[in-house]
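J.: Here you go, one structure.
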Amino acid sequence: MTHAGSRRGASSDDHPKRLLGTPSPHARFPDIPLNDDARSREQLAAEVEALRARVAELEATGGGRDQTATAGAAVTAAILETALDAIISMDEEGRITEFNPAAERMFGYRRADLLGQPLVKAIIPPAYQDAHRFGLARFLATGAGPVLNRRIEVSARRADGTEFPVELAISPFRLADAWAFTATIRDISERKAAERRLAAQNAVTRILTEVTSMADAAPQVLQVLCVNLGWSVGQFWQIDPRSGRLGVTAAWQAPEGNRTGGFVGVSRSATLRTDEGLPGEVWSSRRPQWISDVTVAPGFTRVQSAELGGLHAAFGLPILLGEEIVGVMEFFHHQIREPDEPLLAMVAAVGAQLSQFIERSRAEEALSWSEALLAQSQKMEAIGQLAGGVAHDFNNLLTIVTGYSDMLLEDLAEEDPAFQPLMEIHRAGQRAASLTGQLLAFSRKQVVAPEVVDLNDVVREAEKMLSRLIGEDVELRSTLDPRIGPVRVDPGQIHQVILNLALNARDAMPEGGRLTIETRTAELDVSFADRRPGE
């Protein structure tokens, strides 16, 4: 007893199990009586049996592990249910083992219909299916896979067969004695569409800085828009000033053989009223118009050729220059598509770029024309100054000729043989003086001196100069009414008016033609003025 008492009084730290950091069984099972001093074999056997029973009980209930596993499975299920990205798993034979709700929404399949089915036939486009099979076989044989454990951009296929761009990340892992794979897939259609829209705008900007006319810009703009935005046909409509109807002035079609060529040909040969068809609706409303399917849309005038070309969706956009509409762009797609507001906004921005380009082109054309007129005016002013100086000096010489000829004629009788030759000299001097008068009028140095004249005589005198000025390619004719009355004008000024009009007419006929000068009496009453507004 003393020995036993001395051991009970010893420090608990001396117990070997305490030193090893192992708790006493009594601490865990206080209902089992333990006696370190004196335990019989029966007591030890009973203790062992009690411990075995407790261990068996804990093993049967999982010892808390089942609760942990159950909680883990619940977390995993919640992650799969709430994930925004598609999560798809497959085994090493390529069969689908997991297909979360995001994948159902993205691809258009039901999870229950795909479990156990080959992944390759469900979501991989036909063009990439062989590459998928080869890559899987290569990984199983070598453990190498170029697309594993990194993010890549590929095309995927929905249940309806449409393809779309995705960002894909595949991770392999071992499950028991086999490989398994989990893919995280994100739909990047919107991002890619935004990138294409931005690329299209940048391309249009570059085109408009390199060309000088809308005739050069329109085909290139239609092409970059169709290629970047994925549309098959683009056409540009403008008004024909002669007929007042809309016609195609530029077109582009995707290189699809002759599938859409017939439709483009029909459009090029068509002329539409400004309220007819898709271009007419856009022209009259000055607003964008979208048609989800032209083959069933009322009022679409080219429906037969659109059906033959496999075209469905279409939209048109006006090109506005302030309040003026200068053109309509229309585009066609092979699929039925609902209105796409971001697309319309982007193409509207391109339309604004085209409007600025047209305005700039018009301003540059007007500037060029004004500069040419200024240069011509300066040239004519210089010529006028020269002509005025020459005419002034020449007139002084003619004064001597006509003066002396007058003096000689006064001293000669008409029967004198020298009289007629001298008279011709005098008349030639007078005609020369008339020409110098015209030159002085041209140079604005002659004082206006109106007098009563016969306008037909003035035209006849002008014809002599005009025949030399207008050239041999222009036929000069005059239709003079003998019944017109006399007019009070400055003959030199009328000469100048006729000269200016004739030279303008000659410039308008670079290949030659006929110039007719006509005189007749006309009453310029109110009704005459009303029929010629702005003149």
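The values are calculated or read from the model by the stated rules, or taken from the named source; none is laboratory data. From a predicted model like this one, the values you see are computed outputs, not experimental measurements. Backbone-built Cβ (ideal geometry, glycine too); neighbour counts: all protein chains shown. When the accessible area is computed, the model is the full protein with side chains, heavy atoms only, and any ligands, DNA or RNA have been set aside. Shrake-Rupley method; radii C 1.70, N 1.55, O 1.52, S 1.80 Å.
J.: For the stretch 88-120, how many residues are assigned to a strand (DSSP E or B) and out of contact with any Leu (no Cβ under 6 Å at 6 or more places or on another chain)?
T.: Number satisfying all stated conditions: 7.
J.: I'd like the full set of residues that are out of contact with any helix residue (DSSP H, G or I) (no Cβ under 7 Å at 6 or more places or on another chain), in a helix (DSSP H, G or I) and open to solvent by less than 50 Å² (accessible area, probe 1.4 Å), limited to the stretch 220-249.
T.: Selection gives LEU222, CYS226.
J.: In the stretch 156-201, how many are more than 20 Å from the chain's Cα centre (by Cα) and either among the charged types (D, E, K, R) or open to solvent by 70 Å² or more (accessible area, probe 1.4 Å) (or both)?
T.: 13
Yes or no, residue by residue, for (1) more than 21 Å from LEU435 (Cα to Cα); (2) open to solvent by less than 70 Å² (accessible area, probe 1.4 Å); (3) hydroxyl-bearing (Ser, Thr, Tyr):
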residue: GLN385; (1), (2), (3): no, no, no
residue: ASN396; (1), (2), (3): no, no, no
residue: SER405; (1), (2), (3): no, yes, yes
residue: GLU410; (1), (2), (3): yes, no, no
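J.: Keeping to the stretch 102-116, report how many residues are open to solvent by less than 60 Å² (accessible area, probe 1.4 Å) and either small (Gly, Ala, Ser) or farther than 15 Å from LEU80 by Cα (or both).
T.: 7
J.: Further question on the same structure: Every residue in the stretch 334-371 that is in a loop (DSSP other than H, G, I, E, B) and in contact with a strand residue (DSSP E or B) (Cβ under 7 Å, 6 or more places away or on another chain), please.
T.: Within the stretch 334-371, just PRO339 meets the criteria.
J.: Looking at (1) touching a strand residue (DSSP E or B) at 6+ places or on another chain (Cβ under 9 Å); (2) within 27 Å of ILE336 (Cα to Cα); (3) open to solvent by less than 50 Å² (accessible area, probe 1.4 Å), can you tell me which one ALA127 breaks?
T.: Answer for ALA127: the failing condition is (3).
Results for (1) part of a strand (DSSP E or B); (2) exposed (fewer than 14 other Cβ atoms within 10 Å of the Cβ); (3) in contact with a Ser or Thr (Cβ under 9 Å, 6 or more places away or on another chain), shown as yes or no for each residue.
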{"position": "GLY262", "(1), (2), (3)": "no, no, yes"}
{"position": "TRP290", "(1), (2), (3)": "yes, no, no"}
{"position": "PHE300", "(1), (2), (3)": "no, no, no"}
{"position": "GLY316", "(1), (2), (3)": "yes, no, no"}
{"position": "ILE319", "(1), (2), (3)": "yes, no, yes"}
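J.: How do the strands (runs of 3 or more DSSP E) wholly within the stretch 418-535 filter down when requiring 1 or more residues that are open to solvent by less than 40 Å² (accessible area, probe 1.4 Å), at pLDDT 85 or above and more than 29 Å from VAL390 (Cβ to Cβ): which remain?
T.: Once the strands (runs of 3 or more DSSP E) in the stretch 418-535 are filtered for at least 1 residues that are open to solvent by less than 40 Å² (accessible area, probe 1.4 Å), at pLDDT 85 or above and more than 29 Å from VAL390 (Cβ to Cβ), what remains is 513-519.
J.: Further question on the same structure: If only one of ALA200, ALA193 is part of a helix (DSSP H, G or I) and more than 30 Å from ILE79 (Cα to Cα), which one is it?
T.: Just a single option satisfies the conditions, and that option is ALA200.
J.: Against the definition (in a helix (DSSP H, G or I), open to solvent by less than 60 Å² (accessible area, probe 1.4 Å) and of a type in the set (S, T, N, Q)), how does SER284 come out, yes or no?
T.: So SER284 does not fit the description; no.
J.: Here are some conditions: (1) under 28 Å from ALA366 (Cα atoms); (2) open to solvent by 20 Å² or more (accessible area, probe 1.4 Å); (3) assigned to a helix (DSSP H, G or I). ALA217 meets all but one. Which one does it not meet?
T.: If we test ALA217 against (1) under 28 Å from ALA366 (Cα atoms); (2) open to solvent by 20 Å² or more (accessible area, probe 1.4 Å); (3) assigned to a helix (DSSP H, G or I), just (2) comes out false.
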